[in-house]
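The values are calculated or read from the model by the stated rules, or taken from the named source; none is laboratory data. Being a predicted model, the structure only gives us computed values, none of them experimental. Here the Cβ is made from the backbone with ideal geometry for all residues, glycine too, and neighbour counts use every protein chain on show.
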Amino acid sequence: MKLRRLTDYALRVLIYVAETPGRRCSVPEIAAAHSISEHHLVKVAHRLGQLGYLSTARGRGGGLSLSASPEAINLGEVVRKLEGDDCPVDCSSCILARRCTLSGLLNRATQAFYDDLSRQTLADLIRLPNPTA
């Protein structure tokens, strides 16, 4: 399964913000760190805010922060909300659809993909600095 660019960037944003607890991150900062267009990241940050994963604030002192702890952000849920539940192929106009089991197989594989992601949280992806090092 290939993730859309929006989902890829969204996961990168969440990881970046999670690895900088206690401060707000700016879109230009994240864009520069990942060599991604600021224009794209503005859309991504907006979407993550709509979904409730990021708190966004404009203006001086503004920026992005997580709306919940990294342990509370389930990766399967994030990806499912961004990608949707659709089958990876559109069988609606195929002449084989009535007798083909491909869509069922792909739906089960997609569900297994989401099930595996759902066993992980954002906390599993981040590396926080060791305060005792």
* Structure fact -> Reported set for the stretch 77-95 where residues are modelled with pLDDT of 85 or more and more than 30 Å from residue 65 (Cα to Cα) is 95
* Structure fact -> In the stretch 1-14, anything within 12 Å of residue 64 (Cβ to Cβ) and either touching a residue at least 60 places away in the same chain (Cβ under 8 Å) or acidic (Asp, Glu) (or both) is listed as 10, 14
* Would you please list the contacts, defined by Cβ atoms under 9 Å and residues six or more apart or on different chains, that run from a residue in the stretch 93-105 that is within 18 Å of residue 1 (Cβ to Cβ) to a residue that is in a loop (DSSP other than H, G, I, E, B) and among the small types (Gly, Ala, Ser)? => 103/97
* Asked: Where residues in the stretch 95-128 are assigned to a helix (DSSP H, G or I) and of a type in the set (A, V, I, L, M), which of them is farthest from residue 8 (Cα to Cα)?
  -> 102
* Could you figure out which of (1) in a loop (DSSP other than H, G, I, E, B); (2) surrounded by 15 or more Cβ atoms within 10 Å (Cβ to Cβ); (3) among the polar types (S, T, N, Q) isn't true of residue 92? => (2)
* Please specify each residue of the stretch 12-43 satisfying the condition of being assigned to a helix (DSSP H, G or I) and among the basic types (Lys, Arg). => 12, 43
* Asked: Which of (1) part of a helix (DSSP H, G or I); (2) within 22 Å of residue 2 (Cβ to Cβ); (3) at pLDDT 85 or above does residue 46 not meet, given it meets every other one?
  -> (2)
* **Single unsatisfied condition, residue 73 versus (1) free of Cβ contacts under 8 Å to residues at least 24 places away in the same chain; (2) in contact with a Leu (Cβ under 6 Å, 6 or more places away or on another chain)** => (1)
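The rows are residues; the columns are (1) under 27 Å from residue 109 (Cα atoms); (2) loosely packed, with under 15 Cβ neighbours inside 10 Å; (3) of a type outside the set (Lys, Arg).
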position: 17; (1), (2), (3): no, no, yes
position: 21; (1), (2), (3): no, yes, yes
position: 24; (1), (2), (3): no, no, no
position: 41; (1), (2), (3): no, no, yes
